[in-house]
Amino acid sequence: MLPSISERESTYTFPGSLWQIFPPGQRKGEGLLIDDSTDFLAITNATQSGQCIWKGTVNVPTGGWAVPTIAGYDKSKYIVFGRCNSGNTVDFDGNTVRFFSPPSTNDDAPTTGTIDIVIFASGVTPQPGTGLNIFNAAGACTFSTTKRPFVYLNQLWTPSKNAVSIGSGYVPLGRFGLMAHEVNGMYVYRMFGIKIQNGSASVQGGKYLGRERYAIFGNDTVTPLNLPVLPDMYV
């Protein structure tokens, strides 16, 4: 019997984190100028900023690489960014990073790959230490160079089947829609992952979901999100 997917299985509920990127703001007066930056002095005690909690180059095996659990941080609030140079698909399900060969069969095609990974966590109170620390009027630390901050330089990537230049930046890893293609007379369905090759990013078929004799889900669907591209300053 052929494995299949039903309409019921096409509906998913999943958790998420909402991040706000404050606009640039500068206070008048003497002192240290951080140009084109959030006004860290205006951040209140009730606001917790995002910062880099893990970074490194990962050699991903065919079984995938599990995102590490880091003491003191809520794993459900991680945002995982990556960059690589590969014609294969990078898939991330919220827990495990995997590489898949370009879709051509009616099953999974896991492979290996190398990728630079940067993990950020929201809801984190910066801890002052050696280096630059900024405190607000209430005396709370709102910025510290003990961990690298989330830096956004107004570059966005919108998931698309067409390759878009992201330079040497990092993009959020995830799943970006549903791919439908035909193999040997069967309609095969996959999650769209991301292909990052030669400084450009596009969606590409990744994790296999199932196959049907009929096109019950129609054409490809790509999630129309504008996602931040982070600068080359982490790994």
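The values are calculated or read from the model by the stated rules, or taken from the named source; none is laboratory data. Quick caveat: nothing in here was measured; it's all calculated off a predicted structure. Here Cβ is always computed from backbone atoms with ideal geometry, including for glycine, and neighbour counts include all displayed protein chains. The protein model used for the area step is the full one, side chains on, heavy atoms only, and it has no ligands, DNA or RNA in it. Shrake-Rupley method; radii C 1.70, N 1.55, O 1.52, S 1.80 Å.
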In segment 166-195, the residues that are closer than 26 Å to residue 104 by Cβ and surrounded by fewer than 14 Cβ atoms within 10 Å (Cβ to Cβ): 182, 183, 184, 185
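For every residue, the table says whether it meets (1) within 15 Å of residue 81 (Cα to Cα); (2) outside any strand (DSSP E or B); (3) polar (S, T, N, Q).
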position: 167; (1), (2), (3): yes, yes, no
position: 174; (1), (2), (3): yes, yes, no
position: 178; (1), (2), (3): no, no, no
position: 181; (1), (2), (3): no, no, no
position: 187; (1), (2), (3): no, no, no
position: 195; (1), (2), (3): yes, no, no
position: 201; (1), (2), (3): yes, no, no
position: 207; (1), (2), (3): no, no, no
position: 233; (1), (2), (3): yes, yes, no
Tally of residues being modelled with pLDDT under 80 and surrounded by 16 or more Cβ atoms within 10 Å (Cβ to Cβ) across segment 100-112: 1
Of the residues 60, 124, 90, 97, which is modelled with pLDDT of 90 or more and either in contact with an Asp or Glu (Cβ under 8 Å, 6 or more places away or on another chain) or closer than 30 Å to residue 143 by Cα (or both)? 97
Quick check: anything in segment 48-58 open to solvent by 40 Å² or more (accessible area, probe 1.4 Å) and touching a Phe, Trp or Tyr at 6+ places or on another chain (Cβ under 7 Å)? yes
Qualifying positions in segment 113-141 - surrounded by 15 or more Cβ atoms within 10 Å (Cβ to Cβ), farther than 20 Å from residue 171 by Cβ and of a type in the set (Val, Ile, Thr): 124, 134
I'd like to know if segment 91-100 contains one or more residues that are of a type in the set (S, T, N, Q) and either under 14 Å from the mean Cα position of the chain (by Cα) or farther than 20 Å from residue 53 by Cα (or both). yes
Counting only residues that are touching a residue at least 60 places away in the same chain (Cβ under 8 Å) and farther than 30 Å from residue 152 by Cβ, segment 169-212 contains a total of 12
